[in-house]
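The values are calculated or read from the model by the stated rules, or taken from the named source; none is laboratory data. Bear in mind the structure is a predicted one, so any value in this text is a computation, not a measurement. Note that we place each Cβ from the backbone using ideal geometry, even for glycine, and neighbour counts take in every protein chain shown. Note: areas computed on protein heavy atoms with side chains; ligands, DNA, RNA excluded. Shrake-Rupley method; radii C 1.70, N 1.55, O 1.52, S 1.80 Å.
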Amino acid sequence: MSLLITIMAGILFAAGVYCLLRRNMTKLIIGIILLSQAANLLVFTMGGIRAHQPVFADSETGTVAAGHADPVPQALVLTAIVIGFGLMVFTITLLMRAHAVLKSDDVNEFNHTDALP
Amino acid sequence: MLPFILIFLLIGSIVPVLLKDKSNFMGRGLVILPALASFVCLCIAGGEVLSSGQSLIWTREWVPSFGLTIGLHLNGLALLMGLLITGIGTLIVTYALGYMGGKSGTMRLCSLLYLFMFAMTGIVLSNHLIILFIFWELTSVSSYLLIGFDHEKASARRSALQALVVTGLGGLALLAGLILLNQMTGTWMLSDLLTGDYQVAGHPLYTGCLILVLLGAFTKSAQFPFHFWLPNAMAAPTPVSAYLHSATMVKAGVFLLLVMQPVLGGTSEWSHSLMIAGGVTISIALVYGLRQADLKKILAATTLAVLGILTFLIGIDTKYSILAALVFLLGHALYKATLFMTAGAVDHSTGTRDIRLLGQLKKTMPLTTPAALLAAFSMMGLPLFFGFLGKEYVYKSVVGGSWLTIAVLLIGNATMMVLAARAGVIPYFRKSIGDLPKKPHEMGLLMTAGPLLLATLGLVIGCFPGLVGPLISFAYTGIVAGAEPYTLSLWHGVNLPLILSLVTFALGFTLMKVLRPAAAGKKVNESTFADTVYEHVFKFVLMVARWSTQSLQTGRLRSYVIIILVSSCGLILWKLVRFGGWPTFEGIGQLNPFITILLVAMTIATLFAVLSKSRLTAVVSLGVVGYGVSMIYAKYSAPDLAITQVLVETLTVVLFAWVVRRLPRYRKLSTGFERFMDTGLALIMGGVMTVLMLKSQGLLFGPKISDKLTQMSYPEGHGANVVNVILVDFRALDTFGEVCVLAIAALGVWALVDKVTTKGK
């Protein structure tokens, strides 16, 4: 099953990169969102994936049943999702501010900080 | 005792800055005092060292884990150099106070002179090679500030930068050389290197180490082919030239050669490179000097020649030649500092340093004239002066050697006589006199005391060499293995060196008659070939830097992204190819219908997000992708991730929808070719990442940390949800950092949103 998920991540990477290379500001935002999804999937599949085996300890014995999923990539991805969200919000606001000042949605014109005369 | 010598100088560099009123007697006294204190300190320590015959060593730990100690030592050579540096330094600071005459910048000059004095004293006192290097670099930096003291002048800035570039590069080479030396000998301590017996000559690293150390020494001492920066450094105020570029800094290279000679010397590589560099420098310098009319340029040329002679002598590499180098070095420091100071006085008094105009100054400058005259006589090597002794020993050390070396030194010394006459005799005694910009007058005591003292000292120790004999002898026995203590004496009987001296005099006086200084008005060639080469190399480096900056830093996001993608793809591919083999396709057979349908839907949504003309469609498609990812998490045992992803995705879609409303519609901005290229690049990137993920799934890196964490979760972290326990307990600091990042992002957003909304209205 992991083969299909890796291909999905590959598609997300390709789509994200393509959007990142566009000159339009909206596409840039879409690219960042897609790339962060792809990166999360990459880390998530690193430890090998297992269906329906969440890592929960038995509250009686304190042990986890054998064959459980790997908790470390999950912890890392959890952090990454939240950080990625923070980054995305900040980027969007920054781009909006640039748009308000420069009156342009072309990323190529984002190389100065003053409004054009 | 030893650290105090340095601490006083450091205090000295702060005192001038703190003083408010500097022109009164107290202020001047306070500025001069630290140098004097340091000199006295060194004298006391020196007396101890000379009477005991043992060098002083002082060591404190600095970074014990790196084996780095602040080690100082005072042996004979360090004492000789240290006395010159602090002694002449005291006189120079005094002179500088008079030279600047209370102008603004006086205290800056004094402070920088002290900083330099500190660095230079540090070099000669350091015992640890790395500490020596640090002080070495500090001299480069402080000399940069001193040469560029008149920073309003473009020429001064250029000369300062040139000196910094040349000596700085040499410094880097020196660092590498010292590290290689440590690899070969296993010690960082100079005191060990000077006394121990390290057979480094046959070591594979020897040649590399030698080249690097010599690069350091040659750049600092302005040896061919790095000689060009020294005449340019004359852009500095005269006190600086007198101190740095005659008596001290340029001697740092010679000092380095002297202390390295016991370890690295004794091979033909050592001898040949030193003798060739020294010999070429002597000849270039003297030809250059004869064509100059500026007093300071003439003196700079003779300094170059003297440095060449010293390098040459160390290259001869016999016991006697090292002794001769020491005697010559001392004599040179005394007369050259004097001549520079008198040249500065002449400049101050008449407004020019052009020897084609100067003359008759003996009438108006009764104190400067004898100082210059005595120094010039010492430089010519007339009997009874210390310079004579220096020259005798130089000849003594080459007698019996090749005739070529004798010829080089003979012609060199004779030409030096001509230049000495031009610098120290002609301006005062020539009958004719040109149009002087100012009416000549004598300088105050501050500017005449130093030169008079040094010049007289040259005569006194020339007549009674026994006064400095023990010092030289101690320095000599300290750096030459198996050397016997030596007693300097004036009269050695009629022998070959004496005859050579007489020949030098004859040749020198003849040359003086033949080679008249250039006539007034005749153009003097200022730039040299090496200087031009430096200029071209410098411009070329700037050009390459500009070209690479312009081609890499286009200011366009697209080109940055392409550079990053291509290089990261390349690196990953390189690693994958080196790893070899194809990934294993496990579990293809067990297609889960739910997941398969989900992935197909996500793929379609992704395509819509990228390609759709409508922005709202793009937003909705992004939402589908995001919720799809959260379902993948849910299916594959990560409920926490699924919940978080759903929350975040909802927020993202809402926010993005709000943003898109404020943005203009899509426009077609890229060309078809660009789209084609980008599609290709994107597909390659996606493919590489997929292969990378497949490859990495089959890998197991050592014992898994997850198992340990899973086992500890309930008993240690008291939580059944292992992922949560990891986040809030095992890696709590990470989570804390994450919260901080979010808080900072929120602050940024808040500040920016405020502006965006007000601007929009």
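The table below gives the values:
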| quantity | calculated |
| --- | --- |
| Convex hull (Cα only) mean projected area of the stretch B:353-435, reported in nm² to one decimal | 6.2 nm² |
| Probe 1.4 Å - accessible area at B:M1, Å² to nearest ten | 80 Å² |
| Net lengthening on full extension, B:I14/B:A407 (0.36 nm per residue, minus Cα-Cα) | 136.6 nm |
| Label-point separation in nm, B:Q54 to B:H441, each point 7 Å along Cα→Cβ | 5.8 nm |
| Dipole magnitude of chain B, debye to nearest 20 (Cβ charges: Lys/Arg +1, Asp/Glu -1, about Cα centre) | 3020 debye |
| D (Stokes-Einstein, µm²/s), Kirkwood Cα radius, the stretch B:284-418, 0.692 mPa s at 37 °C | 212 µm²/s |
| Projected area averaged over orientations for the protein assembly as shown, convex hull of C-alpha atoms, nm² | 49.4 nm² |
| Hydrodynamic radius by Kirkwood, which averages 1/r over all alpha carbon pairs of chain B, in angstrom | 31.4 Å |
| Accessible surface of B:T735 - all protein chains present, 1.4 Å probe, nearest 10 Å² | 30 Å² |
| Solution diffusion estimate, µm²/s, Stokes-Einstein, the stretch B:265-516, Kirkwood Rh from C-alpha pairs, 4 °C, viscosity 1.567 mPa s | 70 µm²/s |
| B/A buried area, accessible surface, summed, 1.4 Å probe, Å² | 8200 Å² |
| Local net charge near B:P440, Cβ-Cβ under 14 Å (Lys/Arg +1, Asp/Glu -1) | +2 |
| Interface residues, the stretch B:717-740 - accessible area loss of 50 Å² or more versus chain alone, probe 1.4 Å | B:A720, B:V723, B:L727, B:E738 |
| Relative contact order of chain B, defined on C-alpha pairs under 8 angstrom at six or more residues apart (%) | 10 percent |
| Calculated FRET efficiency for the pair B:D754/B:H718, C-beta based, R₀ 56 Å, to 0.05 | 0.80 |
| In range of the label at B:D734: residues from the stretch A:23-57 whose backbone nitrogen is under 17 Å from the point 7 Å along Cα→Cβ | A:39-48, A:55 |
| Label-point separation, B:L576 to B:V141 (7 Å along Cα→Cβ), nm | 4.7 nm |
| Between the stretch A:16-91 and the stretch B:714-747, the Cα center-to-center distance that results, in Å | 16 Å |
| Distance between the stretch B:1-71 and the stretch B:99-161 - C-alpha centres, whole angstrom | 17 Å |
| Accessible carbon and sulfur surface of the stretch B:428-516 relative to its total accessible area, %, 1.4 Å | 72 percent |
| Global size of the stretch B:397-458 as Cα Rg and Dmax, reported in angstrom | 18.1, 53 |
| Contact order normalised by residue count of chain A, Cα under 8 Å, 6+ apart, percent | 24 percent |
| Radius of gyration and Dmax over the Cα atoms of chain A, both given in Å | 19.8, 72 |
| The protein assembly as shown, helix-only ellipticity at 222 nm - DSSP H runs n ≥ 4, -39,500 (n - 2.57), divided by all residues, nearest 500 | -24000 deg cm²/dmol |
| 0 to 90° range, to nearest 10: angle between helix B:403-424 axis and chain B longest Cα axis | 80 degrees |
| Per residue accessible area of the protein assembly as shown, 1.4 Å probe, in Å² | 43 Å² |
| Kirkwood Rh in Å, taken over the stretch B:592-661 so that all alpha-carbon pairs contribute | 12.4 Å |
| Rel. contact order, % - alpha carbon contacts under 8 angstrom, at least six apart, the stretch B:592-661 | 28 percent |
| Nearest-ten-degree value, helix B:154-185 long axis tilted from longest Cα axis of chain B | 80 degrees |
| Spatial separation of Cα centroids for the stretch B:409-438 and the stretch B:298-314, in angstrom | 18 Å |
| Values of log10 I(q)/I(0), in the order q = 0.16 Å⁻¹, for the stretch B:706-760 under a Debye, Cα-only, solvent-free model | -0.58 |
| Pairwise FRET efficiency - B:K319 versus B:L502, Cβ, R0 = 22 Å, nearest 0.05 | 0.30 |
| Residues B:E674 and B:R291, FRET efficiency given R0 of 56 Å [Cβ-Cβ distance, rounded to 0.05] | 0.35 |
| Area accessible to solvent at B:Y486, 1.4 Å probe radius, in Å² | 50 Å² |
| 10 Å binning of all Cα-Cα separations within the stretch B:73-180, expressed as whole percents from 0 upward | 15, 38, 35, 12, 1 |
| Degrees separating the helix B:76-100 axis from the principal Cα axis of chain B, which is the longest one | 90 degrees |
